[in-house]
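The values are calculated or read from the model by the stated rules, or taken from the named source; none is laboratory data. This is a predicted model, so every value here is computed, not measured. When we count neighbours, we look across all protein chains shown, and the Cβ atoms used for this are built from the backbone with ideal geometry, even at glycine.
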């Protein structure tokens, strides 16, 4: 069974765990030495974050934080309460300040979620698309550092996105009133990669 898409394909006799159970396990110290997230009732190991991933997340975070209005905030790698059975940790979330004030057990109501993908591309483009669309996330980006594209998902419906576009290094993508020049993002990530 492919763990990238396992949550949707589990047989009926397999018991999925809930977010509450997952969080209780974390509180009990079961995941102290691991980076894990809950996707469709399945505990999934998160990909290790290498230099390019870290640089992309930091560049995007800095860019959005500088450009956004005061009524929204940027969060990095915080648990997102997507459903009773899913609690992913998106690399970046743009969230209304009022929604941040109401956080009790995970971020909710994001305007934009971003995953930066190197080794997690399949999971980010299959399982997380389904999770985020089902949660009603209006805009979800996958910044694919391997192919140097950003895949933009908009208009969620029935576990999928109606509008999916791919943007390359020459494009400027807009979300939450912020223009993101992809040439600048990918140039920053590439700087020092071969050094």
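Under the condition of being at pLDDT below 95 and at negative phi, the residues counted in region 179-195 number 5.
Quick check on region 16-28. Is at least one of its residues touching a strand residue (DSSP E or B) at 6+ places or on another chain (Cβ under 6 Å) and either surrounded by 13 or more Cβ atoms within 10 Å (Cβ to Cβ) or part of a helix (DSSP H, G or I) (or both)? Scanning region 16-28 turns up at least one residue that is touching a strand residue (DSSP E or B) at 6+ places or on another chain (Cβ under 6 Å) and either surrounded by 13 or more Cβ atoms within 10 Å (Cβ to Cβ) or part of a helix (DSSP H, G or I) (or both). Go through 174, 122, 166, 155 for me and flag whichever is exposed (fewer than 15 other Cβ atoms within 10 Å of the Cβ), touching a residue at least 40 places away in the same chain (Cβ under 8 Å) and either closer than 22 Å to residue 50 by Cβ or out of contact with any helix residue (DSSP H, G or I) (no Cβ under 8 Å at 6 or more places or on another chain) (or both). Every option except 122 fails the conditions.
Here residue 134 fulfils each of the conditions (1) surrounded by 15 or more Cβ atoms within 10 Å (Cβ to Cβ); (2) under 14 Å from residue 86 (Cβ atoms); (3) touching a helix residue (DSSP H, G or I) at 6+ places or on another chain (Cβ under 8 Å) apart from (3).
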